[in-house]
Amino acid sequence: MRLGIATDHGGFALKEELVAHLRIEGHEVIDFGAHTLTEGDDYPDFVIPLAHAVAAGDVERGLAICGSGVGASVCANKIPGVRAGLVHDHYSARQGVEDDHMNIICMGGRTVGPAVAWDLVETFLDARFSHLDRHLRRLGKVASLEAQTVNR
């Protein structure tokens, strides 16, 4: 799978570990940065290009990491076509894809350890959208809201 990943200083160490695991598992990983550990860098500088790549279909799914994962999630969800979720548990990593067609998983480099993060990423990548009518209906409502916001 072709994946994108982005972080700021708050998730830099976790990103490096996840990139190594993903490549060992045979995934193509596009690293949107940060490429060096720089205290004081800003997650939007890395998360926004990742989110645009996911929305454009340049990568199939994305992983966004910051200190808590909250900022990365808020930022990514500003890009039309992105459905990012802050995930700290196995259930949400799967359900977010199956029901809500989540295409970016967000995590905190200071809140989730590497073993748990890897489990969440594997679950996220293994999950598939269900295409059930109720979920399609709900996503249609979200897309309508997104279109209203873009067309203002």
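Summary table below
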item	result
Residue that is touching a residue at least 40 places away in the same chain (Cβ under 8 Å) and either open to solvent by less than 10 Å² (accessible area, probe 1.4 Å) or farther than 24 Å from GLU146 by Cβ (or both), where the choices are PRO114, PRO49	PRO114
Set ALA13, ALA55: member being in a helix (DSSP H, G or I), free of Cβ contacts under 8 Å to residues at least 60 places away in the same chain and aliphatic (A, V, I, L, M)	ALA55
Which listed residue, of ASP58, ASP99, is within 17 Å of VAL29 (Cβ to Cβ), open to solvent by 10 Å² or more (accessible area, probe 1.4 Å) and among the acidic types (Asp, Glu)	ASP58
Sole residue being outside any strand (DSSP E or B) and either at pLDDT 95 or above or within 20 Å of LEU145 (Cβ to Cβ) (or both), chosen from ILE65, ILE79	ILE79
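So that you can scan it fast, the table gives a plain yes or no per residue for (1) farther than 30 Å from PHE12 by Cα; (2) hydrophobic (A, V, I, L, M, F, W, C):
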residue	(1), (2)
ARG110	no, no
ALA117	no, yes
VAL121	no, yes
PHE124	no, yes
HIS131	yes, no
ARG134	yes, no
GLY140	yes, no
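The values are calculated or read from the model by the stated rules, or taken from the named source; none is laboratory data. Model, not experiment: these values are computed from the prediction. All Cβ positions, even for glycine, are placed from backbone atoms using ideal geometry, and neighbour counts span all protein chains on display. We work out accessible area using only protein heavy atoms, side chains counted, and drop any ligands, DNA or RNA first. Shrake-Rupley method; radii C 1.70, N 1.55, O 1.52, S 1.80 Å.
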